[in-house]
1. Using the Karplus curve 6.51 cos²θ - 1.76 cosθ + 1.60 with θ = phi - 60°, work out ³J(HN,Hα) for each residue of the stretch 140-145 in order, rounded to whole Hz, and write x for Gly and Pro.
2. Give me the one-decimal Kirkwood hydrodynamic radius in Å for the stretch 167-251, with the sum taken over alpha-carbon pairs.
3. Using the Cβ atoms and a cut-off under 14 Å, what net charge is assigned to the surroundings of residue 75, where Lys and Arg are +1 and Asp and Glu are -1?
4. By count of other Cβ within 10 Å, fewest leading, how are 196, 95 ordered?
5. Report the Rg/Rh value for the stretch 3-105, based on alpha-carbon coordinates and the Kirkwood definition of Rh.
6. Could you list 104, 27, 38, 222 so that the one with the fewest beta carbons within 10 Å of its beta carbon is first and the one with the most is last?
7. Could you tell me what a quarter of the Cα convex hull surface of the stretch 3-282 works out to, in nm² with one decimal place?
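Readers should treat all values here as calculations from the given coordinates under stated rules, not as data from a laboratory. Note that the coordinates shown come from a computational prediction; the quantities given were computed from them, not determined experimentally. FYI the Cβ positions are ideal-geometry reconstructions off the backbone, even for glycines, and counts take in every protein chain you see.
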Amino acid sequence: MSTQSLGILFALLCAFATNLAFLYKHRGACAAAPVDIRHPLASAASLFKSPWFALGMGVAVVGWVFHVAAMALAPLSIVQVVLAGGLVLLAVMADRLFGFQVGRRQWCGLAAMAIGLGLIALTQPAIHGNHSSYSLVAMTAFEGGLLGLGGLLIAGPRMVAVRDEHHGLALGAAAGLLFGVSDVAIKALTGLVGMDGLLGLVSPWMMVAIIASITAFYASARGLQNGEAVPVIAITGTAANIAGIAGGILVFDDPLPGDAFGIILQSLAFVLVIVAAALTPGPVRAARVDSAAAGSAAAA
């Protein structure tokens, strides 16, 4: 098995573990006291007192290890595209393990995701190495832009009156962007460690990864408390994947196909991945419709 293929395998394992962890964390976060960033230690203690949240964090750590291994072995854009398939795994696990109903719309998303990933695999040019070198200017601009956008998504809904579920989606998107910031920083660190050993960890990007991850932790937990599980998890994953794919191309110069036909096919593939992600939140809405129908029937 080639190095890149091994990285893709680790990315698939990460996708499964990460989405399972999110579903566990949602169950635990809903049983904990509301997250208050003004009291971060008390909020974290309340979350970890829930066995479901603690289990979810344990599974998330395993997924994070798979993610780091994948980024160390394969280009970032490829890893993130594979992780995008986790949104389909989310629909399947939500249906089979957590009681959400997954209908035709979601299975169409599964087909779109499979076709998109297949097209990306067919059109991806040969890549040598893990593509961890980067331009400092591009890296700084990209990370700074995502940090600013994530901050706006966290603070923005507080400035206007919004419903809790909408605030939950905004927090989920912010968490995803911040996870993307962390992923791009970690990808850079894997290259520095490859060149300088453990001294490569003594880098400003280590601090960026830590700050982004901690902020994303609180934003994600609060988003899971405010919103429904599947939409919040889906938008978190989508934002993280788009940020990672863009980072791979813009920061680490991951190659695109060399001919016009290949570029068209790969562009279609990315569109299919995004469409599949957009189709994923439907199970919650379907469940709400079914619940309302059941309530009307009972009343009659």
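1. 5, 5, 5, 5, x, x
2. Numbers: mean 1/r = 0.0761 Å⁻¹.
Final number for the Kirkwood radius of the stretch 167-251 is 13.1 Å.
3. Numbers: positive: 187; negative: 183, 253, 254.
Within the 14 Å Cβ shell, the charges total -2.
4. Ranked by crowding around the Cβ, least crowded first: 196, 95.
5. Details: Rg = 15.5 Å, Rh = 14.7 Å.
We get a ratio of 1.06 for the stretch 3-105.
6. Numbers: 104 10, 27 18, 38 6, 222 25.
With the sparsest Cβ surroundings first, the list reads 38, 104, 27, 222.
7. Details: hull surface 58.5 nm².
With the hull built on Cα positions only, its mean projection is 14.6 nm².
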